[in-house]
1. At 1.4 Å probe size, with every protein chain present, just tell me what the per residue accessible area of the range 19-110 comes to in Å².
2. Whose amide H sits under 5 Å from the amide H of HIS217, counting only residues 5 or more places off or on another chain, with H placed in the peptide plane?
3. Using alpha carbon centroids, what distance separates the range 33-73 and the range 206-247, in Å?
4. Between LYS223 and GLN156, how many nm apart are label points set 7 Å from Cα along the C-beta direction?
5. What number, in percent, do you get for the relative contact order of the range 11-313 if the mean sequence gap of Cα pairs under 8 Å and at least 6 apart is divided by its residue count?
6. For VAL194 and THR130, calculate 0.36 nm times their separation in residues minus their Cα-Cα distance, and state this gained length in nm to one decimal.
7. Listed highest first by mean packing, meaning other Cβ atoms within 10 Å per residue, what order do 220-226, 207-213 come in?
8. Multiplying the sequence separation of ALA73 and ASP137 by 0.36 nm and subtracting their Cα-Cα distance, what value in nm do you get?
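The values are calculated or read from the model by the stated rules, or taken from the named source; none is laboratory data. Everything numeric in this text was worked out from a predicted model, so none of it was measured. Backbone-built Cβ (ideal geometry, glycine too); neighbour counts: all protein chains shown. Quick note on the areas: whole protein, heavy atoms, side chains included, nothing else; ligands and nucleic acids left out. Shrake-Rupley method; radii C 1.70, N 1.55, O 1.52, S 1.80 Å.
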Amino acid sequence: MTQNPPFHSPLDRSFGHFEVLRINGTLGGIVQGLTLSPQLSDEVISALEQALVQYKVLFLRDQSHLDDAQHQAFGARLGQIVAHPTVPTREGTQIFELDASKGGGRADSWHTDVTFVAAFPKIGILRAVTVPAYGGDTVWADTANAYARLPAPLQQLADQLWAVHSNDYDYGADRNGIEEERLKHHREVFVSAVYETEHPLVHVHPVSGQRALLLGHFIRRIKGFSSTESQQLFHLFQQRVTRLENTVRWQWRKDDVAIWDNRATQHIAINDYGHQPRLVRRVTIEGNPAIAVDGRRSVTLKAPNIADLQESHAGS
């Protein structure tokens with residue numbers, strides 16, 4: 001007599017103080033039984049950090065108690081909060097706001113946050129303040145799994161490559177019909193000061209030890225190759241990151257929170273909600289320069305004078 005296979009609960013793992021419900025084969029889990037707060041014990045924070053490294057992106061529903069101050073104070077439990085290098089923060093905070101009604105509020109191309117600086121962020125914490133009636137999902141991709149699935153010859157090639165990342169990238173490339181307001185915001189705010197950093201195409205995660213691809217739209221060129229060759233190499237590896245089986249998609253509700261490991265993911269906000277309001281706020285946790293497989297670290301090529309940048313922000 002044939003027996004049915006054993007039933008596996010969708011509950012993937014208990015972390016003692018909360019449980020995680022896996023929602024994708026490679027990354028993504030819903031945290032159950034936890035209310036985010038800056039008053040969480042060190043033990044709970046440690047468990048949350050462990051879960052984050054394992055699942056790469058964690059989702060929590062119904063966190064309506066979090067205002068800007070609580071959001072930022074909770075983030076400080078995970079590390080040093082950093083403001084966006086060029087975009088002014090909300091008054092009195094270090095919170096980065098994405099408002100779809102303003103020029104730069106859609107983030108609708110694949111990226112790892114702020115890789116144009118050497119010590120790019122390790123964690124992002126995003127809170128949904130206003131969500132559209134439909135559309136506006138965010139998708140994350142697993143950059144470690146993408147590397148692991150590369151054929152060995154492509155892994156060997158990627159291990160040797162370095163790329164220059166900059167916030168002064170071609171924002172309108174391959175995006176016909178982009179609104180002039182968004183291009184203006186990109187030129188006047190996002191590129192108010194120009195950064196360039198050289199990162200390895202493959203870096204070693206400082207906690208898990210996994211190798212992950214470090215790509216996204218901030219890449220300007222692959223070192224040692226022509227612009228045409230750079231573009232071809234970029235697309236070769238980038239399309240491996242964003243394969244559907246390597247992603248998880250989140251349909252936002254008001255007061256949802258997503259926490260992701262920026263060292264092992266890329267993400268994109270789907271721009272399919274027309275002129276509906278969509279407002280999210282992000283707290284960002286400082287990271288470290290990427291470490292290549294041979295031990296070399298990311299190198300800053302260009303950074304603005306801090307006094308000049310502060311003057312630019314004061315005038316915005």
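1. 41
2. Hits under the 5 Å cutoff: HIS111, THR112.
3. 30
4. 2.1
5. Averaging sequence separation for qualifying contacts and normalising by length gives 32 percent for the range 11-313.
6. Contour length minus the Cα-Cα distance gives 19.9 nm.
7. 207-213, 220-226
8. Length gained, ALA73 through ASP137: 20.5 nm.
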